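Shown next, in structure tokens, is the structure this report addresses.
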Amino acid sequence: MRLIAVIGALLASLSMAFEPPTPEITRSAVGDLSGLSAVLQKAFAPDDAAFEPIPAPRPNDWLAVHEEPGQTFPEFTASQPNRPSQDRHVIYLQPLGSFAPEWSPSLDKLREFAAAFFAMEVKVLPPLAIETVKFTTRRNPYTGNAQILTSDVLNFLKGRVPPDAFCVLAVTMEDLYPEPSWNFVFGQALLRERVGIYRFARYGPAFYGEPRRTGYETLLLRRSCKVLAHEAGHMFGLAHCTYFNCLMNGSNHLAESDRRPLHLCPVCLRKLQWSIGFDVLERYRALEHVNRAAGFIDEADWLNRRIKTIAGDD
Ligand SMILES: [Zn+2]
Ligand SMILES: [Zn+2]
């Protein structure tokens with residue numbers, strides 16, 4: 001009883017610790033915009049009408065249990081993150097195990113989304129069979145699900161990063177665990193080594209033995225695109241965002257992740273644009289097309305409004 005009370009008090013004090021950012025804080029997180037083109041100044045302006053505020057954390061949400069310092073644009077560039085270069089300019093997706101079409105997102109659609117999101121070349125490598133590579137596996141002691149040890153996968157990938165790779169992102173429909181004492185993990189990465197592994201197993205109702213509902217495929221693809229873009233964002237050195245409702249916000253569970261948008265706030269957009277150097281309007285146009293084709297209509301409409309705001313001469 002006492003232990004529960006202590007944990008309850010700890011959670012309460014931690015959730016008290018998160019203060020929503022003031023306009024001054026978000027302005028300084030975006031950094032000095034003078035000297036940038038008019039288009040970039042509009043794209044990175046912390047415009048309250050276009051970007052939702054970060055919601056106050058509910059119990060068990062990420063910010064209720066994790067202290068996040070935030071990462072301003074100047075802090076991001078000072079961290080000297082990996083950037084794509086002429087030599088290393090391709091994002092590789094490495095499927096691990098099977099992607100049965102009945103319950104898996106389309107690898108081609110994931111590739112297309114990532115290519116538009118990062119405005120970079122994205123290639124899908126030939127799938128790896130789990131049995132041939134002999135990764136350590138186990139049956140989860142509670143659920144009985146088969147699981148793969150992530151460190152085995154990361155060690156394997158580390159030794160085979162293609163010379164033109166900015167990063168290699170292994171994706172799997174299998175369940176993962178990082179060490180024997182853990183129940184499961186969403187994914188894991190070695191940022192400097194440019195490799196990561198992420199699983200989509202828990203994003204469809206099939207994982208929980210539930211029947212599929214209408215819109216199931218769109219939902220599974222949306223969740224998978226979201227985790228891929230968020231995790232690849234970490235590969236570029238983007239830390240968790242604490243400024244707006246943003247793709248780079250941390251999330252502790254699926255319901256929280258579902259509340260996050262599929263796009264970046266102006267602070268995170270500026271970081272990614274600094275790293276990759278894309279044309280923001282061209283990127284938004286390509287993303288609008290991909291989002292609409294995938295059935296993410298709300299996101300496509302949001303992108304369309306952003307394009308009008310940024311391209312307009314007001
Ligand atoms: Zn994250
Ligand atoms: Zn952000």
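The values are calculated or read from the model by the stated rules, or taken from the named source; none is laboratory data. Source: prediction; values computed, not measured. Glycine gets a Cβ as well: all are built from the backbone with ideal geometry, and neighbour counts include every protein chain shown. Surface areas here come from the heavy atoms of the whole protein model, side chains and all, with no ligands, DNA or RNA. Shrake-Rupley method; radii C 1.70, N 1.55, O 1.52, S 1.80 Å.
Unpartnered cysteines of the chain (Cβ-Cβ under 4.7 Å counts as a partner)?
Cys167, Cys225, Cys268
Could you size up the charge dipole of the chain around its Cα centre, putting +1 on the beta carbon of Lys and Arg and -1 on that of Asp and Glu, and report it in debye to the nearest 20?
Charge dipole, the chain, about its Cα centre: 600 debye, nearest 20.
Could you tell me which residue out of Val267, Asn155, Leu169 lies farthest along the dipole of segment 126-269 toward its positive end? Charges go on the beta carbon: Lys and Arg +1, Asp and Glu -1, centred on the Cα centre.
Of the options given, the answer is Val267.
With a 1.4 Å probe and all protein chains left in place, how much accessible area per residue does the chain have, in Å²?
I get 49 Å² per residue for this part.
As an exercise, use a Förster radius of 22 Å and the Cβ-Cβ distance of Ala311 and Trp274 to find the FRET efficiency, rounded to the nearest 0.05.
Details: r = 21 Å, r/R0 = 0.95.
Taking R0 as 22 Å, the efficiency between Ala311 and Trp274 is 0.60.
Apply the Kirkwood formula to segment 221-314: the hydrodynamic radius equals the inverse of the mean of 1/r over all pairs of different alpha-carbon atoms; give it in Å with one decimal.
This gives a value of 13.8 Å.
In Å and on Cα atoms, what radius of gyration and Dmax does the chain show?
When restricted to the Cα atoms of the chain, Rg and Dmax are 19.9, 63 Å.
Ranking request for peptides 17-24, 271-278: highest mean number of other beta-carbon atoms within 10 Å first, then the rest in descending order.
Details: 17-24: 12.0, 271-278: 18.6.
The most tightly packed comes first, giving 271-278, 17-24.
Semi-axes of the equivalent ellipsoid of segment 26-77: what are they in whole Å, largest first, if each equals the square root of 5 times a C-alpha gyration tensor eigenvalue? Show your work: numbers first, answer last.
Working: eigenvalues 149, 43, 8 Å².
Output for segment 26-77: semi-axes of 27, 15, 6 Å.
Probe radius 1.4 Å, ligands and nucleic acids ignored: give me the carbon and sulfur share of the accessible area of the chain as a rounded percent.
Its accessible area is 56 percent carbon and sulfur atoms.
So what J values fall out for segment 275-289 if you push phi through Karplus, 6.51 cos²θ - 1.76 cosθ + 1.60 with θ = phi - 60°, rounded to Hz, Gly and Pro as x?
5, 9, x, 6, 7, 4, 5, 4, 5, 4, 5, 5, 5, 4, 4
Work out how much length Ser98 to Lys158 would gain on full extension: take 0.36 nm times their residue separation and subtract the Cα-Cα distance, in nm to one decimal.
Between Ser98 and Lys158, full extension yields an extra 19.5 nm.
Report the Rg/Rh value for segment 120-195, based on alpha-carbon coordinates and the Kirkwood definition of Rh.
0.98
Would you mind classifying segment 50-146 by shape? Square roots of the alpha carbon gyration tensor eigenvalues, ordered a ≥ b ≥ c; an a/c under 1.5 is rounded, otherwise it is prolate if a/b is larger than b/c and oblate if not.
Cα axes put segment 50-146 in the oblate bin.
Multiply the residue gap between Ser151 and Trp182 by 0.36 nm, knock off their C-alpha separation, and tell me the result in nm, one decimal place.
9.9 nm
Test of understanding: express the Cα radius of gyration of segment 71-220 as a ratio to 2.2 N^0.38 Å, with N the residue count.
Relative to the 2.2 N^0.38 Å estimate, segment 71-220 comes out at 1.12.
Roughly how many debye, to the nearest 20, is the charge dipole of segment 35-112 about its Cα centre, given +1 on each Lys and Arg Cβ, -1 on each Asp and Glu Cβ, and no other charges? List each step's numbers first, then the result.
On the way: 6 positive and 11 negative charges, 61 e Å.
Charge dipole of segment 35-112: 300 debye, to the nearest 20.
Treat every Asp and Glu Cβ in segment 158-198 as -1 and every Lys and Arg Cβ as +1, leave all other atoms uncharged, and give the resulting dipole magnitude about the Cα centre to the nearest 20 debye.
220 debye
Hey, if you put +1 on the Cβ of every Lys and Arg and -1 on every Asp and Glu Cβ in the chain, which of Asn145, Ser104, Asn291 ends up farthest toward the positive end of that dipole?
Value: Asn145.
Taking the dipole about the Cα centre of segment 10-83, with the C-beta of Lys and Arg at +1 and of Asp and Glu at -1, give me whichever of Ala29, Phe73, Val39 is farthest to the positive side.
The listed residue farthest towards the positive side: Val39.
So, counting K/R as plus one and D/E as minus one, what does the shell of residues with Cβ under 12 Å around Trp182 add up to?
-1
Order the peptides 249-262, 122-135 from the highest to the lowest mean number of other Cβ atoms within 10 Å of their residues. Spell out each step's value before the answer.
Working: 249-262: 17.1, 122-135: 13.5.
Put in order of decreasing packing, that is 249-262, 122-135.
Kindly rank 226-234, 174-182 from highest to lowest mean number of other beta carbons found within 10 Å of each residue. Write out the running numbers ahead of the final one.
Working: 226-234: 21.7, 174-182: 15.0.
Result, highest mean Cβ count within 10 Å first: 226-234, 174-182.
If R₀ is 51 angstrom, what is the calculated FRET efficiency for the pair Asn140 and His289, using the beta carbon separation as r and rounding to 0.05?
Given R0 = 51 Å and the Cβ-Cβ separation, E is 0.80.
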